[in-house]
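The values are calculated or read from the model by the stated rules, or taken from the named source; none is laboratory data. Nothing here was measured: the structure is a model prediction, and the numbers come from that model. A quick note on method: Cβ atoms are made from the backbone with ideal geometry, for glycine too, and the neighbour counts reach across all protein chains shown. Surface accessibility is based on the protein's heavy atoms, side chains included, excluding ligands, DNA and RNA. Shrake-Rupley method; radii C 1.70, N 1.55, O 1.52, S 1.80 Å.
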Amino acid sequence: MDASTTQHAGQIAQGAPHAFHDHGDERDLGQASWRGFLRRCPACGTGPMMKGYLQVRDTCTVCGEEMHHHRADDGPAWLTIILVGHLMAPILGWAFIEFRPDPMVLTAVFGIGTVALSLWLLPRFKGLMVGFQWAKRMHGFAPDVPDPARKGA
Ligand SMILES: [Zn+2]
């Protein structure tokens, strides 16, 4: 039994208010993804998922659910690029034809807008992806499948 397992068992033994036990029952994909998008724990929907801007916590501070099994990798960045690109490119074309703004105004507005929207969406898409993986029991989220990437397990 390693340190994190001991810690998790300890939280359950102490009667953590939302202690989560995996009985292998169906997980609500939409709910878990939405909780992830809100950057909350997919299991309880209360605990914060992120530590800082993008780093996913190892375990939920409220229910103790393990979240370090996620493999979001560069998926959230791809999702952000696809959405922001397909949103901003046509809007830029429309704004140019409709208003004929000064090129510097157009560049400034869309430059700042694109960066701001991307930075806003990136952690939310990461949360959504972690919630999706949790709901589908992908990677180490499956109860009886050892996580190959986890050291010492
Ligand atoms: Zn939780």
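General observations
- Between Gly131, Gly111, Gly152, the distinction of being surrounded by fewer than 19 Cβ atoms within 10 Å (Cβ to Cβ) and modelled with pLDDT of 95 or more belongs to Gly111 only.
- Note on the stretch 25-52: among residues that are part of a strand (DSSP E or B) and free of Cβ contacts under 8 Å to residues at least 24 places away in the same chain, the one that is farthest from the ligand (Cβ to nearest atom) is Lys51.
- Taken together, the residues in the stretch 83-102 that are open to solvent by 90 Å² or more (accessible area, probe 1.4 Å) and either assigned to a helix (DSSP H, G or I) or touching a His at 6+ places or on another chain (Cβ under 6 Å) (or both) amount to 5.
- Residues of the stretch 59-77 that turn out to be away from the ligand (no atom under 16 Å from the Cβ) and in contact (Cβ under 8 Å) with a residue 60 or more places away in the chain, as a count: 2
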